[in-house]
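K.L.:
First, the structure itself, so that you have it in front of you.
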Amino acid sequence: MQKVLDRGLMAPISFNVDTRIHSESAIKKACYRFADRLDIQIRRISDNEIEIQFVRLRGSTDAEGDAAWLTAAVRREILDQDLREEIFKQTAEVRNLILAEAFKNTTLINS
């Protein structure tokens, strides 16, 4: 079922994100988290800046449907995703050691 934009309830909202602070990957992941509630467009406007524009989808169940709340929610999610990426990078060595220890006595290929 295709969702319909509810432009009658909310005008398109846009804000910019500095890619020197947040990764493009984190921005995309954060926007995807809202894909069931918002129609989101991501557009690079300079080497260091991305514009995010969104409109609420008709039938979305957000009680907090106002523009300020939604903008803040998307910004929080961008920060959350960016921090997840940082933690993933910082813990890679420990994670790999744990996996190596867990699989050291197994054969993954049948001879």
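K.L.:
Quick one: if the Förster radius is 35 Å, what FRET efficiency do ALA11 and GLU85 give, using the C-beta to C-beta distance and rounding to 0.05? Can you show the working numbers first?
P.N.:
Numbers: r = 32 Å, r/R0 = 0.91.
Result of the calculation: an efficiency of 0.65.
K.L.:
I would also like to ask the following. Work out how much length ALA92 to THR106 would gain on full extension: take 0.36 nm times their residue separation and subtract the Cα-Cα distance, in nm to one decimal.
P.N.:
Working: separation 14, 0.36 × 14 = 5.04 nm, distance 2.15 nm.
Result: 2.9 nm gained on full extension.
K.L.:
Give me the number: length gained by fully extending TYR32 to ARG58, i.e. 0.36 nm times residue separation minus the C-alpha to C-alpha distance, one decimal in nm. Please list the in-between numbers first.
P.N.:
Working: separation 26, 0.36 × 26 = 9.36 nm, distance 1.72 nm.
Full-extension gain reported as 7.6 nm.
K.L.:
Based on the Cβ-Cβ distance from ARG75 to ASP47, what FRET efficiency comes out when R0 is 30 Å, to the nearest 0.05? List each step's numbers first, then the result.
P.N.:
Details: r = 21 Å, r/R0 = 0.70.
Efficiency, from the Cβ-Cβ distance: 0.90.
K.L.:
Further question: Work out the length of the dipole vector of the range 13-103 about its Cα centre, built from +1 on the beta-carbon of each Lys and Arg and -1 on the beta-carbon of each Asp and Glu, and round it to the nearest 20 debye.
P.N.:
Numbers: 14 positive and 17 negative charges, 42 e Å.
About 200 debye.
K.L.:
Residue by residue, what Karplus-based ³J(HN,Hα) values in Hz, rounded to whole numbers, does the range 29-35 have, using 6.51, -1.76 and 1.60 with θ = phi - 60° and x for Gly and Pro?
P.N.:
4, 5, 5, 4, 4, 9, 4
FYI, it's all coordinate maths here, none of it is from the lab. Remember, it's a predicted structure, so these values are computed and weren't measured experimentally. Counting neighbours? That spans all protein chains shown, and the Cβs are built from the backbone with ideal geometry, glycine included.
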